[in-house]
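Below is one structure, written out as structure tokens; the observations come after it.
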């Protein structure tokens with residue numbers, strides 16, 4: 001604390017900010033009091049002076065209060081301005097005016113940007129909005145060719161971040177609003193715009209999403225720039241929240257960007273934009289966006305795909321056009337940091353600038369000053385992400401210290417950079433990029449000196465690279481598990497091989513090609529071609545390394561306590577190993593350094609040099625030095641190494657193996673939008689996934705509409721949730737039938753984690769998606785089992801699955817017939833677990849229900865209810881769940897899996913009435929998100945994501 005007060009101050013600031021983020025109320029007070037008590041104990045024990053402890057305590061308290069102050073200000077102003085609640089404003093049609101404060105990005109048929117509001121009004125006709133009087137109406141962009149009275153199309157755009165399959169009646173609701181407002185809007189949108197004082201809405205940020213209607217609108221949207229004054233008409237919506245436990249929370253993410261609302265418009269007619277008529281603070285960023293766009297276009301002209309997107313990420317930090325498969329391959333090996341502009345790029349940039357300035361014979365002080373001024377330019381051109389900002393600030397501080405002749409301390413410089421960034425924006429503390437950048441940089445400073453002695457036998461050029469790579473891997477390991485839930489065993493080897501290769505070969509070639517492209521196209525093309533050849537070799541090697549089965553381990557997200565324990569034990573282990581190695585080397589060093597010249601062996605190199613000098617003498621040649629006693633540190637280092645190693649091994653074992661439920665089973669009805677996906681975990685720890693949901697597309701999309709990374713529920717929702725829960729392998733997948741909303745999401749699951757067996761209904765479905773799924777399963781050595789009525793599966797002693805449908809295959813029928821009506825052939829089974837009974841029905845229709853009931857009446861071939869929980873067939877469609885079916889099973893509770901505001905009107909009102917008439921408790925994923933049931937003999941505990949709390953289902 002005394003040696004690095006700034007570091008201690010910053011650590012306390014981070015702890016205080018974290019306390020404000022994680023706790024509230026009395027828990028926050030207790031946590032803060034505990035931290036202050038620890039500081040007082042340190043002062044009493046002499047670890048730090050009272051003055052330092054007081055300052056550190058003030059830092060902790062000030063950080064907590066600063067966080068709470070920002071939280072109090074981070075609220076939407078719209079409810080107060082309009083006198084309505086957030087729920088009442090949701091899905092309201094509005095007209096908003098303000099300034100674009102972000103780059104304008106297009107992905108397929110969607111354009112995204114952020115607007116800083118000046119005012120907003122209710123209503124709008126979709127005809128465009130009058131801009132503030134600027135005298136530049138003729139310069140409006142985005143409305144070319146659009147009639148003033150043309151109505152905006154309303155198609156119910158798909159939210160690319162969330163799993164909803166559709167929006168029920170978006171067109172109808174919008175039309176009704178327009179008709180209702182027609183009488184008050186006859187004088188034009190400017191008259192209907194509600195005047196709100198600047199103190200009410202000025203400054204609120206809102207995320208705008210515009211869905212383009214025709215391809216010609218791409219050019220119109222391309223004219224929108226940061227700094228433009230805009231008026232936007234569209235539907236105001238709250239961002240989607242996490243609908244599964246542990247799932248991505250889009251609403252919470254946008255909250256860290258101080259954004260509370262989405263504004264969704266249709267077509268460029270919904271946006272009127274006017275460029276700024278004078279220079280302002282946003283002009284610098286506007287110019288920066290234009291330069292980055294121009295440089296990206298230059299890279300597109302030099303490189304072919306997929307190299308262009310890859311090189312733009314590597315050289316410029318532009319990752320929007322990076323090929324998704326390439327990113328996936330790099331991510332699996334832990335190589336995505338290569339594609340982010342970081343301290344390495346800044347170091348190269350600073351080194352080149354200093355070299356050039358030296359060649360121009362500038363003085364050292366002048367060169368340092370010029371470099372300090374130029375660093376922010378590079379930071380802006382590189383995208384100004386947290387890692388590049390951190391590196392830029394550290395470089396500027398270090399150069400300033402060199403300019404002033406001050407001592408430089410890496411940890412203090414790092415602390416200063418962190419403190420400045422958190423004062424500017426405390427929510428950076430929650431940024432993955434911020435956390436990894438600062439943690440890895442600090443880890444290199446702390447752990448590399450401990451690792452270097454362990455690699456002392458390696459050549460110096462290899463040991464330095466290996467120690468940095470190893471430490472970076474060890475330090476980033478916990479955060480990699482927490483955020484990405486996987487770790488490649490080949491990550492160290494991949495980083496050791498590819499980081500130097502890409503840094504010292506590919507990156508310079510790409511940078512040189514970009515610089516030469518403007519004035520020497522031939523040379524730039526040669527360099528670009530060379531870089532592409534190296535890229536091809538890189539992609540092939542990465543793909544080959546990813547081909548090793550079992551190379552990727554899946555982990556559940558560890559707790560904060562686990563992460564802190566890991567770093568503590570890792571430091572203790574490396575420190576003890578370093579001391580032990582130093583203690584072993586010390587006697588050899590001391591013996592060599594204290595021998596009298598007469599004791600040197602004539603064969604020794606030193607002896608030869610002494611003999612050559614004419615001073616060698618045989619006298620005393622038989623004298624031997626007294627053996628040195630073992631240092632105290634060496635006697636204690638052995639047990640310390642063993643203790644830390646055992647503790648670290650136990651910690652890793654505990655982290656890898658997910659929590660057991662203590663004899664309980666669990667059933668999770670996941671929210672995958674308009675589809676089904678159910679995770680069954682047996683008391684014995686077996687994992688069975690019933691269906692995988694799937695994103696349903698209507699019709700064929702034109703090429704220009706296709707997005708770079710379209711939302712797919714399996715890859716974006718299902719697989720991340722499974723990994724987050726630490727499921728290393730699925731013991732079985734039960735595919736009830738081949739429809740897209742049940743089978744589509746399983747493709748990502750089969751590609752992303754090991755699966756032992758796939759049980760299906762014994763038929764083939766039409767379409768390439770189903771065939772691809774089956775071929776993927778066969779290629780992954782997944783055992784395929786067609787199931788039928790009468791078969792059973794027992795994963796453990798407490799669990800049994802009895803299959804009730806489909807009916808047995810008839811004699812002479814094809815082994816795997818192609819069946820168009822997959823619903824009728826849905827797999828249905830009864831699950832008994834811990835003495836409780838569940839019925840799963842897929843999308844079976846009433847005809848299948850009647851057949852099962854008929855078999856049940858035949859000498860009790862199928863035993864009926866009562867059962868504890870029924871999964872309602874076909875998302876609550878009217879084609880199933882008849883009164884006789886409910887009477888036969890007598891369920892205590894029912895679960896309906898359906899998408900929010902789905903286009904099909906599920907669940908059907910008649911089905912809900914029949915369930916109510918049978919006194920069945922109903923749970924719905926469209927209303928409550930994921931529904932989890934913990935199954936014990938004593939009862940079933942139920943909780944659901946969107947309404948916190950638990951209730952018992954007897």
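The values are calculated or read from the model by the stated rules, or taken from the named source; none is laboratory data. As the structure is a prediction and not an experimental result, all values here were calculated from the model. In this analysis, Cβ positions are derived from the backbone assuming ideal geometry, glycine residues included, and neighbour counts consider all displayed protein chains.
Residues in the range 539-554: is at least one on the phi > 0 side of the Ramachandran plot, assigned by TED's automatic domain parsing to the domain that holds residue 331, modelled with pLDDT under 95 and not in a helix (DSSP H, G or I)?
Looking through the range 539-554, at least one residue is on the phi > 0 side of the Ramachandran plot, assigned by TED's automatic domain parsing to the domain that holds residue 331, modelled with pLDDT under 95 and not in a helix (DSSP H, G or I).
Could you check the range 268-289 and list, in sequence order, the residues that are in a helix (DSSP H, G or I) and either more than 28 Å from the chain's Cα centre (by Cα) or more than 30 Å from residue 532 (Cα to Cα) (or both)?
Across the range 268-289, the qualifying residues are 268, 269, 270, 282, 283, 284, 285, 286, 287.
If you take the residues of the range 869-884 that are outside any strand (DSSP E or B) and surrounded by 24 or more Cβ atoms within 10 Å (Cβ to Cβ), which of them is nearest to the chain's Cα centre (by Cα)?
Ranking the qualifying residues of the range 869-884, first place goes to 875.
Can you tell me which residue in the range 263-291 is surrounded by the fewest Cβ atoms within 10 Å (Cβ to Cβ), limited to those that are in contact with a helix residue (DSSP H, G or I) (Cβ under 7 Å, 6 or more places away or on another chain) and more than 13 Å from residue 225 (Cβ to Cβ)?
267
Test residue 516 against the stated conditions and say whether it is within 19 Å of residue 301 (Cβ to Cβ), without any contact (Cβ under 8 Å) to a residue 12 or more places away in the chain, crowded, with 18+ Cβ neighbours inside 10 Å and assigned by TED's automatic domain parsing to the domain that holds residue 323.
yes
Being in the same structural domain as residue 830 (by TED's automatic domain parsing), farther than 16 Å from residue 829 by Cα and in a loop (DSSP other than H, G, I, E, B) narrows it down to one of 893, 898, 916, so name that one.
898
Collect the residues in the range 297-307 that are surrounded by 20 or more Cβ atoms within 10 Å (Cβ to Cβ) and either under 28 Å from the mean Cα position of the chain (by Cα) or assigned to a helix (DSSP H, G or I) (or both), keeping them in residue-number order.
299, 302, 307 - these are the residues of the range 297-307 that are surrounded by 20 or more Cβ atoms within 10 Å (Cβ to Cβ) and either under 28 Å from the mean Cα position of the chain (by Cα) or assigned to a helix (DSSP H, G or I) (or both).
Identify, by number, the condition in (1) at pLDDT below 90; (2) more than 30 Å from residue 943 (Cα to Cα); (3) not in a helix (DSSP H, G or I) that residue 265 doesn't meet.
Looking at each condition in turn, residue 265 falls short on (1).
Identify all residues within the range 666-677 that are more than 15 Å from residue 798 (Cβ to Cβ) and surrounded by fewer than 24 Cβ atoms within 10 Å (Cβ to Cβ); write none if there are none.
668 - this is the single residue of the range 666-677 that is more than 15 Å from residue 798 (Cβ to Cβ) and surrounded by fewer than 24 Cβ atoms within 10 Å (Cβ to Cβ).
If only one of 883, 873 is in contact with a helix residue (DSSP H, G or I) (Cβ under 9 Å, 6 or more places away or on another chain) and at pLDDT below 95, which one is it?
Among 883, 873, only 883 is in contact with a helix residue (DSSP H, G or I) (Cβ under 9 Å, 6 or more places away or on another chain) and at pLDDT below 95.
Going by what's in this entry, would residue 415 be described as in contact (Cβ under 8 Å) with a residue 60 or more places away in the chain, assigned to a helix (DSSP H, G or I) and crowded, with 16+ Cβ neighbours inside 10 Å?
yes
Being touching a helix residue (DSSP H, G or I) at 6+ places or on another chain (Cβ under 7 Å), surrounded by 18 or more Cβ atoms within 10 Å (Cβ to Cβ) and closer than 21 Å to residue 16 by Cα is true for just one of 429, 450, 439. Which residue is that?
429
Is it the case that residue 526 is at pLDDT below 50 and in a helix (DSSP H, G or I)?
Here the answer is no, as residue 526 does not meet what is asked.
I'd like to check something: does the range 565-586 contain any residue that is over 19 Å from residue 646 (Cβ atoms), outside any loop (DSSP other than H, G, I, E, B) and either modelled with pLDDT of 90 or more or out of contact with any helix residue (DSSP H, G or I) (no Cβ under 9 Å at 6 or more places or on another chain) (or both)?
no
With the structure loaded, tell me whether residue 556 is in contact with a helix residue (DSSP H, G or I) (Cβ under 9 Å, 6 or more places away or on another chain) and farther than 19 Å from residue 306 by Cβ or whether it fails that test.
yes
Just one of the numbered conditions (1) farther than 26 Å from residue 413 by Cα; (2) assigned to a helix (DSSP H, G or I) is not true of residue 334; which one?
Among (1) farther than 26 Å from residue 413 by Cα; (2) assigned to a helix (DSSP H, G or I), the lone unmet condition for residue 334 is (2).
For residues that are without any contact (Cβ under 8 Å) to a residue 12 or more places away in the chain and more than 23 Å from residue 718 (Cβ to Cβ), tally how many sit in the range 655-704.
4
Among the residues of the range 195-228, how many are outside any loop (DSSP other than H, G, I, E, B), under 28 Å from residue 80 (Cβ atoms), modelled with pLDDT under 95 and out of contact with any helix residue (DSSP H, G or I) (no Cβ under 9 Å at 6 or more places or on another chain)? Working first, answer last.
Of the residues in the range 195-228, the ones outside any loop (DSSP other than H, G, I, E, B) are 198-201, 205-211, 217-222.
Right, trim to under 28 Å from residue 80 (Cβ atoms) and you get 198-201, 205-210.
Imposing the further condition that a residue be modelled with pLDDT under 95 reduces the set to 198-201.
Subset that is out of contact with any helix residue (DSSP H, G or I) (no Cβ under 9 Å at 6 or more places or on another chain): 198-199.
Within the range 195-228, residues that are outside any loop (DSSP other than H, G, I, E, B), under 28 Å from residue 80 (Cβ atoms), modelled with pLDDT under 95 and out of contact with any helix residue (DSSP H, G or I) (no Cβ under 9 Å at 6 or more places or on another chain) number 2.
Looking only at the range 309-330, how many residues end up being surrounded by fewer than 20 Cβ atoms within 10 Å (Cβ to Cβ) and without any contact (Cβ under 8 Å) to a residue 40 or more places away in the chain?
Number of matching residues: 5.
Which condition breaks for residue 377 when tested against (1) exposed (fewer than 15 other Cβ atoms within 10 Å of the Cβ); (2) free of Cβ contacts under 8 Å to residues at least 12 places away in the same chain; (3) more than 29 Å from the chain's Cα centre (by Cα)?
(3)
Restricting attention to the range 1-30, which residues are touching a helix residue (DSSP H, G or I) at 6+ places or on another chain (Cβ under 7 Å) and modelled with pLDDT under 90?
Hits for the range 1-30 are 1, 2, 4, 5.
Just checking, which of 131, 120 is in contact with a helix residue (DSSP H, G or I) (Cβ under 9 Å, 6 or more places away or on another chain) and modelled with pLDDT of 90 or more?
Just a single option satisfies the conditions, and that option is 120.
Quick check, is residue 838 under 39 Å from the mean Cα position of the chain (by Cα), closer than 16 Å to residue 790 by Cβ and crowded, with 24+ Cβ neighbours inside 10 Å?
Spelling it out, it is not the case that residue 838 is under 39 Å from the mean Cα position of the chain (by Cα), closer than 16 Å to residue 790 by Cβ and crowded, with 24+ Cβ neighbours inside 10 Å.
Among the numbered criteria (1) within 37 Å of the chain's Cα centre (by Cα); (2) modelled with pLDDT of 95 or more; (3) crowded, with 22+ Cβ neighbours inside 10 Å, which one does residue 899 miss?
Condition not satisfied by residue 899: (2).
From the residues in the range 901-913 that are free of Cβ contacts under 8 Å to residues at least 40 places away in the same chain and part of a loop (DSSP other than H, G, I, E, B), which one is farthest from residue 676 (Cα to Cα)?
908
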